[in-house]
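Inspection log for the structure reproduced underneath, given as structure tokens.
The values are calculated or read from the model by the stated rules, or taken from the named source; none is laboratory data. These numbers come from a predicted model, not from an experiment. We place every Cβ from the backbone using ideal geometry, glycine too, and count neighbours over all the protein chains shown.
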Amino acid sequence: MKTLEQIAAALDNYEPTALHADAVGLFLARWVEPLAQTEELGILEALGRVLAQDVISPISVPPHDNSAMDGFALDGALLRAGRPLRLRVAGTALAGRAWSGRLAGDECLKIMTGAILPAGLDTVVPVERVRLDGAYVELPADAVRAGDNRRLLGEDLRAGQAALRQGQVLGPAALGLIASLGLPTVRVFRRARVACFSTGDEILSLGEAPREGAVYDSNRYTLFGLLSRLGVEVVDLGAVKDEPAQLEAAFREAAARADAVITTGGVSMGEADHTRAMMKKLGDVAFWRIDMRPGRPMAVGRIVQEDRSALLFGLPGNPVAAMVTFLAFVRPALQRLMGCTACAPVLLQAHCAEPLRKKPGRTEYQRGIVSRTAEGQLSVRTTGHQGSGVLRSMVEANGLIVLPHDRGDVAVGDTVEVMMFEGVL
Ligand code: AMP
Ligand code: MG
């Protein structure tokens with residue numbers, strides 16, 4: 001088996017101490033494989049899950065030509081341009097009940113929305129367009145064209161056609177579509193299990209008394225939120241001291257219980273702590289310094305124990321850096337692990353409302369607040385101080401301004417791309 005470093009070394013311009021952010025994304029997209037196990041779930045349990053196979057429609061939807069309006073159904077061949085039309089109403093067709101009569105040449109059928117259009121009737125004139133006159137209706141000239149207000153058999157889906165594709169995340173519309181096919185269950189990838197723990201001697205758990213030089217563990221909570229939003233099962237292993245025996249036990253437990261392990265802290269260069277060393281000992285790990293801000297140091301790899309293998313992501317300890325590296329790399333990797341094929345985040349374009357300092361040669365993720373100007377354009381400003389420890393900036397922001405690797409300073413009014421938090425945070 002090739003080691004991670006050997007695989008990564010095949011990347012274009014691989015430079016582990018100055019890695020292009022795009023290269024990391026590409027590497028993970030190639031390296032991470034979807035989970036092998038799938039399960040069959042009732043539709044209502046499947047919200048947010050990823051389809052493990054195409055859903056083939058067993059029926060056509062709609063199953064008949066039917067009316068899109070309440071009105072009067074007629075044979076479109078009776079219509080003459082510029083001429084009104086007077087027809088006798090021969091009966092009524094209700095939704096859910098087929099009308100089995102026959103019409104003479106000067107007759108029409110009162111019809112409700114969703115009712116089957118009998119053979120020979122291809123046009124519906126809405127009730128509000130006609131004048132009623134006892135048993136007759138009068139259509140003004142050019143009230144409709146032949147074929148208007150008709151829903152065609154199979155216009156939503158044809159029997160035998162793939163209604164949904166493997167790899168699609170099931171949202172509300174997809175649940176409804178599956179139900180419209182009469183299917184009560186659906187086959188999805190199983191949920192990924194992700195274990196996480198924070199590392200650092202200075203990390204305090206909630207409930208502990210404050211002490212000098214120590215900080216409360218926030219990464220554990222942001223990660224819990226990020227992972228929960230992704231729909232993974234979270235195994236929260238708390239905070240672990242920079243102490244080899246404790247770290248080793250935590251890594252072993254995490255890898256035994258989960259498909260992926262996420263840690264924060266202790267991956268910077270030249271650090272005196274033991275996280276890095278322990279990852280090296282237990283796993284096949286590449287340490288990268290990514291040309292990005294925030295979030296330069298990161299470890300990516302796997303821990304193999306007996307016959308199980310777990311992905312490993314060692315994120316930086318700084319709270320903003322941990323979140324940004326999660327959003328940029330870990331989230332798409334976990335989506336891929338759960339079988340998702342089209343999971344790239346949506347980027348909006350907005351005009352920048354303030355000048356931004358930016359050095360070419362690294363990707364930057366600045367916390368942005370997108371709003372709409374009086375003229376209806378999207379505009380984005382930053383949350384101010386962009387320090388990688390300022391977690392408040394993530395709370396105030398509604399998206400990340402993504403400044404690509406080669407970009408330089410941004411002037412007021414320049415267009416920038418923003419990765420919106422909606423649905424993610
Ligand atoms: P490290 O990546 O371990 O060098 O940590 C970088 C910075 O992030 C240090 O100031 C740490 O105190 C802080 N930090 C590390 N882990 C956490 C955590 N779980 N919650 C809050 N801050 C943290
Ligand atoms: Mg540390």
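Is it true that Thr275 is among the β-branched types (Val, Ile, Thr), within 14 Å of ligand 1 (Cβ to nearest atom) and modelled with pLDDT of 95 or more? No; evaluated as a whole, the condition is false for this residue.
Condition check: away from ligand 2 (no atom under 16 Å from the Cβ), in the same structural domain as Leu47 (by TED's automatic domain parsing), crowded, with 17+ Cβ neighbours inside 10 Å and touching a residue at least 24 places away in the same chain (Cβ under 8 Å). Does Gly182 satisfy that? Spelling it out, it is not the case that Gly182 is away from ligand 2 (no atom under 16 Å from the Cβ), in the same structural domain as Leu47 (by TED's automatic domain parsing), crowded, with 17+ Cβ neighbours inside 10 Å and touching a residue at least 24 places away in the same chain (Cβ under 8 Å). Tallying residues that are surrounded by 14 or more Cβ atoms within 10 Å (Cβ to Cβ) and without any contact (Cβ under 8 Å) to a residue 40 or more places away in the chain within the stretch 348-377 yields 2.
The sole residue among Arg229, Arg220 that is in the same structural domain as Ala333 (by TED's automatic domain parsing) and modelled with pLDDT under 95 is Arg229.
When Leu121, Leu132, Leu152 are checked against the criterion of being closer than 30 Å to Arg80 by Cα and surrounded by 21 or more Cβ atoms within 10 Å (Cβ to Cβ), a single residue qualifies: Leu121.
Does the stretch 23-40 hold any residues that are farther than 30 Å from Phe287 by Cα and touching a strand residue (DSSP E or B) at 6+ places or on another chain (Cβ under 6 Å), and which are they? Within the stretch 23-40, Thr38, Glu40 meet the criteria. Just one residue in the set Asp291, Asp307 is in contact with a Leu (Cβ under 7 Å, 6 or more places away or on another chain) and away from ligand 1 (no atom under 16 Å from the Cβ); that residue is Asp291. Checking each residue in the stretch 242-291 for being over 23 Å from Val324 (Cβ atoms), within 16 Å of ligand 2 (Cβ to nearest atom) and not charged (D, E, K, R) picks out Pro244, Gln246, Leu247, Ala250, Phe251, Ala272, His274, Ala277, Met278.
Within the stretch 128-143, residues that are within 14 Å of Ala73 (Cα to Cα) reach partners that are among the basic types (Lys, Arg) with beta carbons closer than 6 Å, at six or more positions or on different chains, in the pairs Tyr136/Arg86; Tyr136/Arg88; Glu138/Arg86; Glu138/Arg131; Ala143/Arg129. Here Ala146 does not qualify as over 17 Å from Phe72 (Cβ atoms), surrounded by fewer than 20 Cβ atoms within 10 Å (Cβ to Cβ) and more than 16 Å from ligand 2 (Cβ to nearest atom).
So Glu155 clears everything in (1) over 14 Å from Ala68 (Cα atoms); (2) touching a residue at least 24 places away in the same chain (Cβ under 8 Å) except one condition, right? Which one? For Glu155, the exception is condition (1). Restricted to strands (runs of 3 or more DSSP E) entirely inside the stretch 5-104, those with at least 3 residues that are surrounded by 16 or more Cβ atoms within 10 Å (Cβ to Cβ) are 71-74, 85-93. Taken together, the criteria place Gly176 among residues that are more than 16 Å from ligand 2 (Cβ to nearest atom) and closer than 28 Å to Gln53 by Cβ. Here Gly314, Gly389 are screened, and the one residue that is within 16 Å of ligand 2 (Cβ to nearest atom), over 18 Å from the mean Cα position of the chain (by Cα) and either crowded, with 19+ Cβ neighbours inside 10 Å or of a type in the set (A, V, I, L, M) (or both) is Gly314. Just one residue in the set Ala249, Ala260, Ala255 is buried (at least 20 other Cβ atoms within 10 Å of the Cβ) and over 23 Å from the mean Cα position of the chain (by Cα); that residue is Ala255. Cβ separations smaller than 8 Å between residues 6+ apart or across chains give no pair from the stretch 308-321 residues that are closer than 18 Å to Gly266 by Cβ and not assigned by TED's automatic domain parsing to the domain that holds Asp284 to residues that are at pLDDT 95 or above and within 13 Å of ligand 1 (Cβ to nearest atom).
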